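Colleague: So that we are looking at the same thing, I have put the structure below in structure tokens.
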Amino acid sequence: VIGGPRPPLPADTADCSYAEAAPVSVNAPTPKYTVRKQRQDPATSLAVAAGEAVTYRVQICSTSATGNMPLTSATLVDTLPNVPGLTAASVENSGGGIVAAGPPVTITWTLDDSTPPNTGLQNIHTGTACANRSFVVRYPFGLPVGTAINNVANATIVPVSGGPVGIGPGVRNDTIGDPAPAGSSNKSAPDVAPGTGNPIVYSITANTNGSNVRVPNFTVVERFPQALAPLPPGITFASVSSGRWNSPADGAVSSDMRATIEYTTLPVGAGNFCDFSATTALATNIASPGGSITYNVPADIAATATCMRWVFADFGANGPDTPRNFAFTTSPQVRYDVGSSPPVIVPSAIENCTYVNFGGGPATPPVQCANVRVEEGTPSVRPSKSANPTIAAPGATIDFTLDADHVGGDSTAPIVNPVISDWLPIQLEFVSVVSTTPGGGAVQVLPDYGSSGRTLVRVAFTGSFPVGSSGPQVVIRTRVREGVPANLTPAAPYVNDMAVFLDAGPSGTFTCPNNSAPTVDSNDLNNNGSTTDLMCPTSATFRVSEAFLLGGEKWVEGDPALAVVGDPAQASVATDNSACPDYDTNFGGPPSSFTRFPCVARTDHGGAFRYRLRLANAGNRLLEEYVVYDTIPFIGDTGVGGPLSGTARLSRWAPVLDGPLVATVVVPPLIQVVNPGLDPVAYASAAAVQIEYTTTPNFCRGQVRTSNYSPAQAGTAAIENSFPAGCTPGVWSTAVPVPASATTGFRIRAFSNLTTPAATTKWVAGSFLEVDVPMRAPATGAPPSYVSGTAPNIQGNTAVFNPSWNSFAHRVFQESATIAADLLPTAEPPKVGVILPERYRLGNLVWRDDGAGNPTQRNNGRADIGEPGIDGVTVLLCRDTDGSAGPSAGDTLVSSTVTSTLAGNPGKYRFTDLAAGNDYYVAIANTPSQLALAGLFSTVPDEANPNADGDNNDNGALVGVSVCGG
């Protein structure tokens, strides 16, 4: 049961009375749309310059997927600013719209999903999508800086029902700014290990994305490492590639970008900038090649080259300056070979740099460099961790994805035998390892690791993950613990730590991101007994939302000697009892055998069992005025509360209460941490848990009806006697009825003003009640369920499944409750069941083996036709229990009976309700007290063929032995 905080009442309604009723009407859908306008190019971080093309996007957007009315068509109109020189011709691309000269200039689009391009207008009501149109306008040259250029879009929409509706405006306000040519470049390269197969390869990127105008004389410069110092031994300048580039349109005008590529051998000048006063051309005014051209050393480029440049020009109509959004599409690359003769000095570092020049650019352009390390193979691992979702309520699950990947550019050896460890914070409990990639990771789960409440999940992988490949991944499912305080922004998030361990590379070590040194594992997150191992750590954050949450579970424990079994109607456990829930696994505590739905417990006929109610404030807000009702099972019973009052519980037999309930208030370690001043003993007393019993049949329990009531009404007879229909007002007492078996139900109040004494505390989030209910099964008359032996097995066979079911219903108010809306809905957790083992009957006949007038049948050990049964014979049932096989005086007398006439047949006897798994035998005492046997002796010990079972005794008979009872 979950809800959010009730908002405060408006001041003018503070004294009003409130009542609630179920909704009786549904609002018809209405159009829910808006108009938006955006500037797409140049980027909104840049000013608009006069004379430059600007791209806008106008949209009709759905604002809600709930109750929104579909559209059949729409008319979208954009009104351009009325500035000097702006005409219809200034619109270079109308995006399919009709341009009107004005003034002001307007563009009109008709959107009906039949006018191309299709916008999907008629389906955007199902979500919050938009129908889009884009256009390009070039503002006139000469507009003064500071001129306002405000664009306004409006629309008329036509819903499927009703007339046209005007919406808007969508506004984009800008001003003309100064022209600001700009360009940038960057350099990257991975570290390498020594060897002829591991060249150093630098990549260059460059673009004009940060410019708001065309860029004059845009030039990309490459400064080779040898321009500043000789190359280290064994490293050789090998080649440079041309790269490839785009020709971006300038508004509606195409560009034709060409490059002149040249190098120089002159030494660098002041500030280590290149001197291109003397150059050698490699290519002149070439268009972007179909594939990057490689210029080899020394065939094309001198080994003594110090710098190289790409000088770009636009051969299109608006050239020669380079348009905005120009970029390399394939990076030029500079290659150095790492050989073995002369040997490379390890480690070595080689720096390669780039910068851009252009008209109007800085006199000292920023230089971007990449420093490559030549090193013995060193794996560099990047741990990463993400949460999904990043915000969850108590009781909800969060999946964490943990990765250990190579650091691109830094890793020069495989990741070998990695271990990923996740050290869950106390706010989270471990649920499962969802997956490991690759499969087969060895999983360890270590609760209370390092400190109480923290769980270490360690997954070890065996093998090697080569450079350039993906590393291992682990997905771990966690659950936010009950009572974890909310920490939405701006509060600090919760943190979940992880660490990656791996074998050192050939260099004898490994590194973390940015070639940083590993961290010492002072907390032994590798769980190997060492606090000096090295690791690469990281973390992920998550937040917990606010929630009122009432948690409840019912568990059942039978005879510990009888294993729990799955409900045969539930596929998950019908044939696999190992999947049955276990209380100790879920919550810890002293060893027990509690299970719950979808499994059932077992006890013997007349045997004891017990229920356990776990009743929790499972959210993170205070609760108050708690009540729970439970009805003792009976044949024909139904659910306890309003939501399940019409649902049969399907009990097949009726157990009885066997003594007083025991309730314990529990404050878990986490709750003591987040509530440092909370004394568990004083809190338990202040909770004022009150247990009451009733012997009233069909007792009233209106507090767990479906409809709400206010706190002031909670203890009134009007509420209590309002449910279920036709109920009898209960007579309640805190004393256990005598006998306890007369009890028909119980209720528990806590954190309530209705107990005696009243509670003096509210229900602290994360704390819970644990209530044990002693029960007993009837000794006779209850139908069994077959689980073993030759009888049909319970698994998958509902025909022999005869449980007794029990459930409870409960409700609670939010903290500081004043009105009915503060009452959380009635909840009734899944029922729990108990079944009884199969029982057997033993018996038949004591007869006079006189042949019935046929001498050949006399004393033959067979009950032949006409031979009379003998009434009045005392028959003993013994159980072989003394450890000595066969009848003996130390065995246990189970029962005795006297033969009698049954259905007209004398000499009959039987023993019923015999438990399976025991060795029984029947004995007839040959004593003077057996008057019915006076003058008679035992017939032959056995028939000729015992397997014929003619004497109803496959095991034969023994004469003259001592048996149970002497």
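What follows draws every value from the coordinates through simple rules; no lab data is involved. Computed from a prediction, not measured in an experiment: that's the story for all the values here. Note that we place each Cβ from the backbone using ideal geometry, even for glycine, and neighbour counts take in every protein chain shown.
Colleague: Please state the relative contact order of the chain as a whole percent: Cα pairs under 8 Å, 6+ residues apart?
Modeller: Value for the chain: 8 percent.
Colleague: Between Ala932 and Leu446, what is the spin-label point distance in nm, taking each point 7 Å from the Cα along the Cα→C-beta axis?
Modeller: 7.3
Colleague: Tell me, how many Å apart are the Cα centres for region 340-367 and for region 89-168?
Modeller: 48
Colleague: Quick check on the chain: of the DSSP beta bridges with both residues there, what percent are antiparallel, nearest 5%?
Modeller: Given both bridge residues lie in the chain, the antiparallel proportion sits at roughly 95 percent.
Colleague: Right, another one. Once the other residues with Cβ under 12 Å from the Cβ of Ile98 are scored (Lys, Arg +1; Asp, Glu -1), what is the net sum?
Modeller: Every neighbour counted, the sum reads 0.
Colleague: Based on the Cα coordinates of the chain, what is the per residue volume of their convex hull in Å³?
Modeller: It is 316 Å³ per residue.
Colleague: With θ taken as phi - 60° and the coefficients 6.51, -1.76 and 1.60, list the Karplus ³J(HN,Hα) couplings across region 123-140 in order, rounded to whole Hz; mark glycine and proline as x.
Modeller: Per-residue couplings from phi come out as 10, 6, 5, 7, x, 10, 7, 10, 9, 10, 9, 10, 8, 10, 10, 10, 6, x Hz.
Colleague: Next up: At R0 = 56 Å, how high is the FRET efficiency between Asn371 and Val145 if r is their beta carbon distance? Nearest 0.05 is fine.
Modeller: 0.85
Colleague: On to the next question. Under 20 °C and 1.002 mPa s, how fast does region 381-544 diffuse according to Stokes-Einstein, given a Kirkwood radius computed over C-alpha pairs? Answer in µm²/s, whole number.
Modeller: 133
Colleague: What FRET efficiency comes out for the pair Asp178/Asp337, r = Cβ-Cβ distance, R0 = 51 Å, nearest 0.05?
Modeller: Efficiency for this residue pair is about 0.60.
Colleague: Return the tail of the calculated pair distribution for region 184-374, meaning the percent of Cα-Cα pairs more than 25 Å apart.
Modeller: 35
Colleague: Using amide H atoms built in the peptide plane, which far-off residues or other-chain residues are under 5 Å from Gly552 H to H?
Modeller: The list, which skips near neighbours in sequence, is Ala616.
Colleague: Pull up all non-local amide H partners of Thr695: gap of 5 or more, or a different chain, and H-to-H distance under 5 Å with H placed in the peptide plane.
Modeller: Under 5 Å from the amide H of Thr695: Val731, Thr744.
Colleague: Okay, moving on. Residue-wise, which Karplus ³J(HN,Hα) couplings in Hz belong to region 710-725, taking 6.51 cos²θ - 1.76 cosθ + 1.60, θ = phi - 60°, and x for glycine or proline?
Modeller: Each residue's phi maps through the Karplus curve to give 8, x, 5, 8, 4, x, 7, 5, 4, 6, 4, 8, 8, 7, x, 4 Hz.
Colleague: Something else about it: Output the relative contact order of region 236-354, whole-number percent, from Cα pairs under 8 angstrom with separation of 6+ residues.
Modeller: Reported as a whole number, the value is 41 percent.
Colleague: Still on this structure: Under 8 Å for C-alpha pairs, at least 6 residues apart: give me the relative contact order for region 839-948, rounded to a whole percent.
Modeller: So the answer I get is 32 percent.
Colleague: Still on this structure, please answer the following. Want the number for Ser464 to Ala299: 0.36 nm per residue separation, take away the alpha-carbon distance, what's left?
Modeller: 55.4 nm
Colleague: Over region 839-948, what portion of Cα pair distances is larger than 22 Å, expressed as a whole percent?
Modeller: Counting pairs separated by more than 22 Å, the tail of P(r) holds 40 percent.
Colleague: OK, next. With just the Cα atoms defining each centre, how far is region 680-742 from region 449-466? Give it in Å.
Modeller: 49
Colleague: Which three semi-axes in whole Å describe the equivalent ellipsoid of region 708-776, each the square root of 5 times a Cα gyration tensor eigenvalue, listed largest first?
Modeller: Semi-axes (√(5λ), whole Å): 23, 20, 12.
Colleague: If you don't mind, there's one more thing I want to ask. For Val894, what residues show an amide H to amide H distance below 5 Å, using hydrogens built from the backbone and excluding near sequence neighbours?
Modeller: HN-HN under 5 Å from Val894: Leu877, Cys878, Arg879.
Colleague: Related question: Could you please tell me the mean projected area of the C-alpha convex hull for region 33-177, averaged over all directions and given in square nanometres to one decimal?
Modeller: 8.4
Colleague: Along each of its three principal axes, how wide is the spread of alpha-carbon positions in region 728-885, in whole angstrom units, largest first?
Modeller: 96, 40, 39
Colleague: Helix-only estimate, please: 222 nm mean residue ellipticity of the chain, summing -39500 (n - 2.57) across DSSP H runs of length 4 or more and dividing by its residues, to the nearest 500.
Modeller: -500 deg cm²/dmol
Colleague: For region 259-369, what ratio Rg/Rh do Cα atoms give with a Kirkwood hydrodynamic radius?
Modeller: Result: Rg/Rh = 0.99.
Colleague: Continuing with this model, one more query. Tell me, what ³J(HN,Hα) does each residue in region 636-641 have, in order and in whole Hz, if you take phi through Karplus 6.51 cos²θ - 1.76 cosθ + 1.60 with θ = phi - 60° and put x for Gly and Pro?
Modeller: Ordered by residue, 3J(HN,Hα) equals x, 6, 10, x, 7, x Hz.
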